[in-house]
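Participant: Dropping a structure here in structure tokens format, bear with me for questions.
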Amino acid sequence: MTEGKLDHFAYDDKIVRNFLMATMIWAGAAFLFGLLAALELAHWPFNLNTEFITFGRLRPLHTNAAIFAFAGNAIFAGIYYSTQRLLKARMFSDALSQIHFWGWQLVIICAAITLPLGYSQSKEYAELEWPIDLLITLIWVVFAINFFGTIKKRREQHMYVAIWFYIATIITVAVLHIINSIELPVSFLQSYPVYAGMQDALVQWWYGHNAVAFFLTTPFLGLMYYYMPKIANRPIYSYRLSIIHFWSLVFIYIWAGPHHLLYTALPDWAQTLGMVFSLMLWAPSWGGMINGLLTLRGAWHLLREDPLVKFMVAAITFYGMATFEGPLLSIKSVSSLGHYTDWIIGHVHIGALGWNGFLTFAMIYYLVPKLWNTKLYSLRLATAHFWIGLLGILLYYISMVTAGITQGLMWRAVDGSGRLVYPDFVETVTKIVPLYWVRAFGGLFYIIGFALMAYNIYRTIKQANTKVVDTKVSAAPLTNHKVEDEEPHKKLEGMGLTFSVLSFIAIAVGSIIEIVPTLSLHKYVEPSKIIDPYTPLQLAGRDIYVKEGCYVCHSQMIRKLPSEVLRYGPASTIEESMWDRPFQWGSKRTGPDLARLGGKYPSLWHFKHMMDPRSTSPGSIMPNYPWLYSKKTDFLILRKKLSVMKGLGVPYSDEEVSQADLNAIKEAKIIADDLRSQGIEMEKLDEKEIVALISYLQALGQKGKK
């Protein structure tokens, strides 16, 4: 401490610059992966007959890159910059900051390697395998220690609203990740979750929906509350509204996950609970939007003059649109039309591209000149970026909503005689292919806008003519003072630990009430309806199905809707998936549901279909899978797989476990002999992955049949 009772110190701006540069790099990768995936759906030959970039493997790579690489690095950049200034303190530990940065980049690189190789748990936004899950946990703990350590050493008594949202994010993401990632390893890069079937579906969508809530919403709201006033140079509209926004959003959001599972085999009470709380989200979400937009009250001229304000206002508006549409889609009658369609894809991307993307761009345009002590190279380029990016978002969203509603209406169309108007699923695909092209062009415009930004940022940094150093400041140390006259929430803001505990309780209540009752799966299944588990070869085939990302385009859940029963057969039940680890209920249908596929076609049909889908389904946009005919099934690991499954409660006998590889070889020979009898000549056909996959596909819907 120096004379005048002021501490002189410097903020750690190096860590902010590191995360900003990583954000730019990974943004380019995420956007390009997304464009290629869009092109693969518009024109299947873009899959290039290459296993590592088929849509089934590329789509998880794209989502992970967009969420954890692009948005993740943006969140950390924004938090590290704003936290130090709001708390008037350098981060708790420079070493922890660097471990966090490099550790997070290692997570991203591991994902970029393993996902194209097919190592996936097939759980939305949680595909990464167990070693990477452990690494994520470790790095998140490092981040948490660094953040809460900074709160402990802060020089500012009251914590501004942005800090509240950061606290809720760190706590909730930790809870979500740990609970959803409980699994038992089979090998170095494969594991099975402890949850099965309906349990796994509920836990996954409790995680999946709240990954959107607490990784793509609450931290970005924190950034909004800090950077919107900074960019507009005006105070946030309402402190009281921010209190209502925070606590109601944090408490309500955690309950909403089951709305992803409406009309499924999930118990009705859980579906209704998810829908009701989803509808309640309208109020706090729009409260936050109003608070952000009204910050410009009396200064709307800035919207015309400043491209950064344009980006921020558009981002908040897209947040409002997405948080209106989300509860709308959670209404059962609307979900029956929109679920499994491209409408959901449009909904997700108006949030990702508009809310997360545009807010990040505004933040980067604001931070780079400050961190490099210069001016933005070109406001005109930033304005051009805004309009081109906005055009891209609108093309993307409108095309996908149109495609989704078209799909939903065609799937459910029934004529006067009670028959499906469009019984051939491929017909519903070919009708929307032109809209897939529009979506791809929308993505291309968004990337062009980003390229303008990258050039603008490059020139901005290059023109900086002073040495980049950490920002030096002086602030008085925090001293104890009386708080009796302060209002309750002001007092709470001075108590970091208490505030954090209350945030945890807010998200724990809904989590416990929803998840705990479903942990006893057998109470939902009649003993007489318990089905047999998969045979060793079927289990091997199922793992191949997961590896190839077939779950990305196919569901295995026939909903309780008349048109679905007409198209696919009786509605799915809880017991049919009770041994499924991971569950395969799906979230998107680019292809038909497969819940009752077994026995519908002969093995020869599946053999030809995987080699060239158009030979059996003219007009299909599914890629070819020629490597399945050359790669060998790993029979030796089947004993370990069945042993792990048995440890998780699957009723395999000791003999079945010890004879797993031999039984699989015998079953493979039967299928191979059947294929040979129909004219298929292939050396060592019994050993090929295609035979194991056929075994699994032929088992779907056949378990428990008399």
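Participant: Which of the residues belonging to the stretch 85-108 are buried (at least 22 other Cβ atoms within 10 Å of the Cβ), of a type outside the set (A, V, I, L, M) and over 18 Å from Leu371 (Cα atoms)?
Facilitator: Matches in the stretch 85-108: His100, Trp104.
Participant: Filter the stretch 349-380 down to the residues that are in a helix (DSSP H, G or I) and surrounded by fewer than 19 Cβ atoms within 10 Å (Cβ to Cβ) and list them by number. Give the steps one after another, and end with the answer.
Facilitator: First, the residues of the stretch 349-380 that are in a helix (DSSP H, G or I): 349-371, 379-380.
Hits for the stretch 349-380 are Pro369, Lys370, Leu379, Arg380.
Participant: Okay, next question. Residues Gln584, Gln556, Gln538: which one is part of a helix (DSSP H, G or I) and under 27 Å from Glu183 (Cβ atoms)?
Facilitator: Numbers: Gln584 fails: part of a helix (DSSP H, G or I); Gln556 fails: part of a helix (DSSP H, G or I).
Result: Gln538 is the single residue among Gln584, Gln556, Gln538 that is part of a helix (DSSP H, G or I) and under 27 Å from Glu183 (Cβ atoms).
Participant: Sticking with this one: Look at Gly338 and say whether it is surrounded by 20 or more Cβ atoms within 10 Å (Cβ to Cβ), touching a helix residue (DSSP H, G or I) at 6+ places or on another chain (Cβ under 8 Å), free of Cβ contacts under 8 Å to residues at least 60 places away in the same chain and not aromatic (Phe, Trp, Tyr).
Facilitator: On the way: surrounded by 20 or more Cβ atoms within 10 Å (Cβ to Cβ): yes; touching a helix residue (DSSP H, G or I) at 6+ places or on another chain (Cβ under 8 Å): yes; free of Cβ contacts under 8 Å to residues at least 60 places away in the same chain: no; not aromatic (Phe, Trp, Tyr): yes.
Here the answer is no, as Gly338 does not meet what is asked.
Participant: For the stretch 428-471, give me the residue count where each residue is of a type in the set (A, V, I, L, M) and more than 26 Å from Pro307 (Cα to Cα). First the steps, then the outcome.
Facilitator: Just the residues of the stretch 428-471 that are of a type in the set (A, V, I, L, M), to begin with: 429, 432-433, 435, 438, 440, 444, 447-448, 451-454, 457, 461, 464, 468-469.
Right, trim to more than 26 Å from Pro307 (Cα to Cα) and you get 429, 432-433, 435, 438, 469.
Qualifying residue count, the stretch 428-471: 6.
Participant: Quick one: what pairs do we get from the stretch 131-150, first residue among the acidic types (Asp, Glu), second part of a helix (DSSP H, G or I), C-beta under 8 Å, 6+ apart or different chains?
Facilitator: From residues that are among the acidic types (Asp, Glu), the pairs are Asp133/His177.
Participant: Can you tell me which of Glu687, Glu683, Glu655, Glu667 is more than 30 Å from Thr430 (Cβ to Cβ), in contact with a Leu (Cβ under 6 Å, 6 or more places away or on another chain) and not small (Gly, Ala, Ser)?
Facilitator: Numbers: Glu687 fails: in contact with a Leu (Cβ under 6 Å, 6 or more places away or on another chain); Glu683 fails: in contact with a Leu (Cβ under 6 Å, 6 or more places away or on another chain); Glu655 fails: in contact with a Leu (Cβ under 6 Å, 6 or more places away or on another chain).
Only one candidate qualifies: Glu667.
Participant: Within the stretch 632-683, which residues are of a type in the set (Lys, Arg), surrounded by 13 or more Cβ atoms within 10 Å (Cβ to Cβ) and in contact (Cβ under 8 Å) with a residue 40 or more places away in the chain?
Facilitator: Correct list: Lys640, Lys641.
Participant: If you check Ala201 against the conditions, is it closer than 27 Å to Leu648 by Cβ, at pLDDT 95 or above, of a type in the set (Gly, Ala, Ser) and surrounded by 24 or more Cβ atoms within 10 Å (Cβ to Cβ)? Spell out how you get there, then give the answer.
Facilitator: Working: closer than 27 Å to Leu648 by Cβ: yes; at pLDDT 95 or above: yes; of a type in the set (Gly, Ala, Ser): yes; surrounded by 24 or more Cβ atoms within 10 Å (Cβ to Cβ): yes.
Yes, satisfied.
Participant: While we're looking at this one, here's another question. Please specify each residue of the stretch 576-616 satisfying the condition of being more than 31 Å from the chain's Cα centre (by Cα) and of a type in the set (Gly, Ala, Ser).
Facilitator: Gly599, Ser603, Ser615
Participant: Of everything in the stretch 1-30 that's surrounded by fewer than 22 Cβ atoms within 10 Å (Cβ to Cβ) and of a type in the set (Phe, Trp, Tyr), which residue is farthest from Trp437 (Cα to Cα)?
Facilitator: Among residues in the stretch 1-30 that are surrounded by fewer than 22 Cβ atoms within 10 Å (Cβ to Cβ) and of a type in the set (Phe, Trp, Tyr), the one farthest from Trp437 (Cα to Cα) is Phe9.
Participant: Then there is this: Can you go through Leu502, Leu519, Leu497, Leu492 and tell me which one is crowded, with 17+ Cβ neighbours inside 10 Å and either over 30 Å from Lys703 (Cα atoms) or out of contact with any Leu (no Cβ under 7 Å at 6 or more places or on another chain) (or both)? Talk me through it step by step, then tell me what you get.
Facilitator: Values: Leu502 fails: crowded, with 17+ Cβ neighbours inside 10 Å; Leu519 fails: crowded, with 17+ Cβ neighbours inside 10 Å; Leu497 fails: crowded, with 17+ Cβ neighbours inside 10 Å.
None of the other options fit; the residue is Leu492.
Participant: While we're on this one: Tell me whether the stretch 30-45 contains one or more residues that are under 30 Å from Lys153 (Cβ atoms) and modelled with pLDDT of 95 or more.
Facilitator: Going residue by residue through the stretch 30-45, those that are under 30 Å from Lys153 (Cβ atoms) are none.
Taking every residue of the stretch 30-45 in turn, none turns out to be under 30 Å from Lys153 (Cβ atoms) and modelled with pLDDT of 95 or more.
Participant: Being part of a loop (DSSP other than H, G, I, E, B) and crowded, with 21+ Cβ neighbours inside 10 Å, is that true of even one residue in the stretch 600-614? Walk me through how you get there before you give the answer.
Facilitator: Applying the first criterion (part of a loop (DSSP other than H, G, I, E, B)) to the stretch 600-614 yields 600-602, 612.
Next cut, crowded, with 21+ Cβ neighbours inside 10 Å only: none.
So far as the stretch 600-614 goes, no, none of its residues is part of a loop (DSSP other than H, G, I, E, B) and crowded, with 21+ Cβ neighbours inside 10 Å.
Participant: Regarding Leu367, is this residue in the same structural domain as Tyr455 (by TED's automatic domain parsing), touching a residue at least 40 places away in the same chain (Cβ under 8 Å), over 26 Å from Val16 (Cα atoms) and hydrophobic (A, V, I, L, M, F, W, C)? Break it down stepwise before answering.
Facilitator: Numbers: in the same structural domain as Tyr455 (by TED's automatic domain parsing): yes; touching a residue at least 40 places away in the same chain (Cβ under 8 Å): yes; over 26 Å from Val16 (Cα atoms): no; hydrophobic (A, V, I, L, M, F, W, C): yes.
Against the criterion (in the same structural domain as Tyr455 (by TED's automatic domain parsing), touching a residue at least 40 places away in the same chain (Cβ under 8 Å), over 26 Å from Val16 (Cα atoms) and hydrophobic (A, V, I, L, M, F, W, C)), Leu367 does not qualify.
Residues checked against (1) at pLDDT 85 or above; (2) farther than 22 Å from Thr83 by Cα:
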| position | (1), (2) |
| --- | --- |
| Ala454 | yes, yes |
| Lys462 | yes, yes |
| Thr466 | no, yes |
| Val469 | yes, no |
| Lys472 | yes, no |
| His481 | no, yes |
| Asp485 | no, yes |
| Lys490 | no, no |
| Leu497 | yes, no |
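Participant: For the stretch 50-58, state whether one or more residues are of a type in the set (A, V, I, L, M), on the phi < 0 side of the Ramachandran plot and assigned by TED's automatic domain parsing to the domain that holds Leu367.
Facilitator: Yes, some residue in the stretch 50-58 is of a type in the set (A, V, I, L, M), on the phi < 0 side of the Ramachandran plot and assigned by TED's automatic domain parsing to the domain that holds Leu367.
Participant: Give the residue, chosen from Ala440, Ala382, that is within 22 Å of Ala30 (Cβ to Cβ), touching a Pro at 6+ places or on another chain (Cβ under 8 Å) and touching a residue at least 24 places away in the same chain (Cβ under 8 Å).
Facilitator: That would be Ala382, the only listed residue that is within 22 Å of Ala30 (Cβ to Cβ), touching a Pro at 6+ places or on another chain (Cβ under 8 Å) and touching a residue at least 24 places away in the same chain (Cβ under 8 Å).
Participant: Also, I was wondering about something else. Examine the stretch 195-204 for a residue that is among the β-branched types (Val, Ile, Thr), under 17 Å from Met289 (Cα atoms) and in contact (Cβ under 8 Å) with a residue 24 or more places away in the chain, and state whether such a residue exists.
Facilitator: We begin by selecting, within the stretch 195-204, every residue among the β-branched types (Val, Ile, Thr); these are 203.
Now narrow it down to the ones that are under 17 Å from Met289 (Cα atoms): none.
Looking for residues that are among the β-branched types (Val, Ile, Thr), under 17 Å from Met289 (Cα atoms) and in contact (Cβ under 8 Å) with a residue 24 or more places away in the chain, one finds none in the stretch 195-204, hence no.
Participant: I would also like to ask the following. What are the pairs with Cβ atoms under 6 angstrom where one residue, in the stretch 399-424, is in the same structural domain as Ala38 (by TED's automatic domain parsing) and under 14 Å from Pro592 (Cα atoms) and the other, located anywhere, is of a type in the set (Phe, Trp, Tyr) and surrounded by 14 or more Cβ atoms within 10 Å (Cβ to Cβ)? Sequence gap at least six, or different chains.
Facilitator: Listed by first residue and then by second, the contacts come to Met410/Tyr422.
Participant: Would you check which residues across the stretch 166-184 are touching a residue at least 60 places away in the same chain (Cβ under 8 Å) and either small (Gly, Ala, Ser) or outside any helix (DSSP H, G or I) (or both) and list them?
Facilitator: Ala168, Glu183, Leu184
Participant: What is the one condition in (1) buried (at least 20 other Cβ atoms within 10 Å of the Cβ); (2) among the hydroxyl-bearing types (Ser, Thr, Tyr); (3) out of contact with any strand residue (DSSP E or B) (no Cβ under 7 Å at 6 or more places or on another chain) that Ser528 does not satisfy?
Facilitator: Condition not satisfied by Ser528: (1).
Per-residue answers, yes or no, for (1) modelled with pLDDT under 95; (2) of a type in the set (Ser, Thr, Tyr):
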| residue | (1), (2) |
| --- | --- |
| Thr218 | no, yes |
| Leu223 | no, no |
| Asn233 | yes, no |
| Tyr237 | yes, yes |
| Ile243 | yes, no |
| Gly257 | yes, no |
| Leu261 | no, no |
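Participant: Look at Leu594 and say whether it is surrounded by fewer than 16 Cβ atoms within 10 Å (Cβ to Cβ), in a loop (DSSP other than H, G, I, E, B), at negative phi and among the hydrophobic types (A, V, I, L, M, F, W, C).
Facilitator: Working: surrounded by fewer than 16 Cβ atoms within 10 Å (Cβ to Cβ): no; in a loop (DSSP other than H, G, I, E, B): yes; at negative phi: yes; among the hydrophobic types (A, V, I, L, M, F, W, C): yes.
No: the conditions fail for Leu594.
Participant: For Ile163, all conditions in the list (1) outside any helix (DSSP H, G or I); (2) crowded, with 22+ Cβ neighbours inside 10 Å hold save one; what is the number of the exception?
Facilitator: (1)
Participant: While we're looking at this one, here's another question. Scan the helices (runs of 4 or more DSSP H) fully inside the stretch 1-109 and keep the ones with 1 or more residues being over 30 Å from Asn624 (Cβ atoms). Let's see the steps before the verdict.
Facilitator: On the way: elements: 13-42, 55-64, 72-87.
Qualifying helices (runs of 4 or more DSSP H): 13-42, 72-87.
Participant: If the Cβ limit is 6 Å and pairs must be 6+ apart or interchain, which residue in the stretch 102-113 that is outside the structural domain of Glu124 (by TED's automatic domain parsing) and under 11 Å from Leu135 (Cβ atoms) pairs with which residue that is surrounded by 22 or more Cβ atoms within 10 Å (Cβ to Cβ) and of a type outside the set (Ser, Thr, Tyr)?
Facilitator: From the stretch 102-113, no pairs qualify.
Participant: Could you give every pair whose Cβ atoms fall below 6 Å, whose first residue belongs to the stretch 578-605 and is free of Cβ contacts under 8 Å to residues at least 24 places away in the same chain, and whose second residue is among the polar types (S, T, N, Q), counting only separations of at least 6 or pairs across chains?
Facilitator: Hits for this filter: Trp605/Thr616.
The values are calculated or read from the model by the stated rules, or taken from the named source; none is laboratory data. Nothing here was measured: the structure is a model prediction, and the numbers come from that model. Glycine gets a Cβ as well: all are built from the backbone with ideal geometry, and neighbour counts include every protein chain shown.
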